[in-house]
Amino acid sequence: MNAGKQWKQMIWKKGIACALSCALLLPMLAGFTGCGKKEQVKLTVWGSAASQEMLREMADAFIELHKKEADIEIVLRQEDEDTAADNAVANPTQLADVFSFAGDQMQRLVNAGLLLPVGEDAAQVIADNGGADSAAIQTASVDGTLYAYPLTASNGYFMYYNAAYFTEADVQTFDGMLAAAQKAGKKVAMDWGSGWYIYSFFGGAGMHIYLAEDGKHNFCDWNQTTGNYKGVDVAQAMLDIAAQDAFLNTDDGGLKDGIASGEIVAGVNGSWNAEFIKGIWGDDYRAVKLPTYTIRGEQVQMASFSGYKLVGVNAGSANPKWAAAFASYITNEENQLQRFGVTGETPANVKAAQAPEVQAAPAAVALANQAPYSVRQMIAAPFWTPSTVFGTLIAAGNPDGRDLQQILDELVAAAEQPEE
């Protein structure tokens, strides 16, 4: 055989060997675009301000885990879960490949076609989060299709307090807490600029706000004029609280600032601030279910919303397989426990939720004790702005003396408008 023919056969055999090698490796190294060449992958990820450092650690670990399969770049962007849907729907081309969001935004995101259904690992995700009938999976699904990965089961609220200022008897009632704080020259805080929190008064009095069956508008009866309590009774009870010097209406950031300065010694909030508050109050850190409040001279248990934070994959992602892999990774048992250690948020993963450190956490216990008085949060967007207007007005003491029934009628009319 001449040298030229031998050279051609050698090249042909090497080509076959390379092809066979690639074929054998493809099932394991799906990121390869060709023999010996790694895929170039870039993902953008939205997460809350508090989770940025933790997400960076998870992203770097994910990159390291898959470094033999692809060259992966993960860029983090700050976007809180409660505003994710608004910005996604308004600017879909700017939506991250992977993003976390509050569970009540699910229907809106699906209607906009922005969520990629969970693929091959759907059965495992369902099993990990309590089964098809669990609240976590029901929240993450629409019409039987799983569209997101459950992240936390702690999107609810309860009462934090500093035991140096309150007895266990004090924290049973809002009146008792205000009296103790007044005596100490301190504040009890709650965010009345959010309908999410002020639901606690109306829900406790037997009133409702929820997504109608068409998934496009709300049902709200906060202006009811019959029943054990009227809407105006709730509004007056809130005005009575707002008139107390020891009450402070403030948002999440204001709560943290007030706790750090020593002004605030109790506040309604969620488990995402547990570690921060514990770090300030130390051995005096406590958390309990919400107290009762006074309405028409009677004590009524405050209600709450419960909910889940979810992680979704952008249906328009240029790298859907890798985006799904990262979404699955940051919501697995290990990383949900890591998140709990950083933020105090209770895991949705059933095994992670049973971990001893979770079961022993005051915030997790308070959330569990509040659960009998909570309802799953499923609300269309038109509710939020009018409820903010109402809550802010009442917190200010209704300075113009407007008729409470008229104020509530306006709130309900706006809240029940169809979502655009």
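We did not get these values from a lab; they are worked out from the coordinates using the rules stated. Keep in mind it's a predicted model, so treat the numbers as computed, not measured. Note: ideal-geometry Cβ built from the backbone for every residue, glycine included; neighbour counts use all protein chains shown.
With a 10 Å radius around each residue's Cβ, average the other Cβ atoms per peptide and rank 147-158, 84-95, highest first.
Going from most to least packed, we get 147-158, 84-95.
With Cβ to Cβ distances under 12 Å as the rule, what net charge do the other residues near residue 84 carry (K, R +1; D, E -1)?
-3
Less than 16 Å from a label point 7 Å out along the Cα-to-Cβ axis of residue 243: which backbone N atoms in the range 377-420 qualify, by residue?
Flagged as within label range: 394-404.
Among 37/321; 42/321; 42/67; 68/321; 187/289; 230/289, which pairs are too far apart, with a Cα-Cα distance over 22 Å? Can you show the working numbers first?
Values: 37/321 18 Å; 42/321 12 Å; 42/67 13 Å; 68/321 16 Å; 187/289 18 Å; 230/289 25 Å.
Listed pairs above 22 Å: 230/289.
Of the GluC sites (Glu not before Pro) in the range 263-327, which ones lie in a loop per DSSP and count no more than 16 other C-beta atoms within 10 Å?
Taking the range 263-327 and a limit of 16 other Cβ atoms within 10 Å, the loop GluC sites (Glu not before Pro) found are 263.
For every other residue with a beta carbon closer than 12 angstrom to the beta carbon of residue 211, add +1 if it is Lys or Arg and -1 if Asp or Glu, then tell me the sum.
Working: positive: 108, 216, 376; negative: 104, 213, 214, 416, 419.
Around residue 211, the charge tally is -2.
Using the Kirkwood radius over C-alpha pairs as Rh, can you work out the diffusion coefficient of the range 299-420 via Stokes-Einstein at 37 °C, viscosity 0.692 mPa s, in µm² per second? Walk me through the intermediate numbers first.
Values: Rh = 18.2 Å.
The diffusion coefficient I find is 180 µm²/s.
Helices from the chain with mean Kyte-Doolittle at least -0.5 and a Cα length along the axis of 27 Å or more, per DSSP H: which? Write out the running numbers ahead of the final one.
Working: long enough: 3-25 (33 Å, 0.37).
Membrane-span-like by this rule: 3-25.
If I model the chain as equal point scatterers sitting on the Cα atoms and use the Debye formula, what is log10 I(q)/I(0) at q = 0.10, 0.12, 0.13 Å⁻¹?
-0.73, -0.99, -1.13
Hey, what did the chain get for relative contact order, percent, Cα under 8 Å, at least 6 apart?
Relative contact order, the chain: 23 percent.
Kindly provide the helix-only [θ] at 222 nm of the chain, computed as the sum of -39,500 (n - 2.57) over DSSP H runs of four or more divided by all residues, to the nearest 500 deg cm²/dmol? Before the final figure, lay out each step's value.
Working: 18 runs with 176 residues, N = 420.
Per the formula, -12000 deg cm²/dmol.
Which order, highest average first, do 202-211, 125-134, 344-353, 58-67 follow once you tally other Cβ atoms within 10 Å for each residue and take the mean per peptide?
Packing order, densest peptide first, comes out as 344-353, 202-211, 125-134, 58-67.
Each label point is 7 Å from the Cα along the Cα-to-Cβ direction; what then is the distance between the points at residue 77 and residue 384, in nm?
1.7
Taking springs between alpha-carbon atoms closer than 10 angstrom, which of 371, 303, 123 fluctuates most in the Gaussian network model of the chain?
Of 371, 303, 123, the Gaussian network model singles out 123 as fluctuating most.
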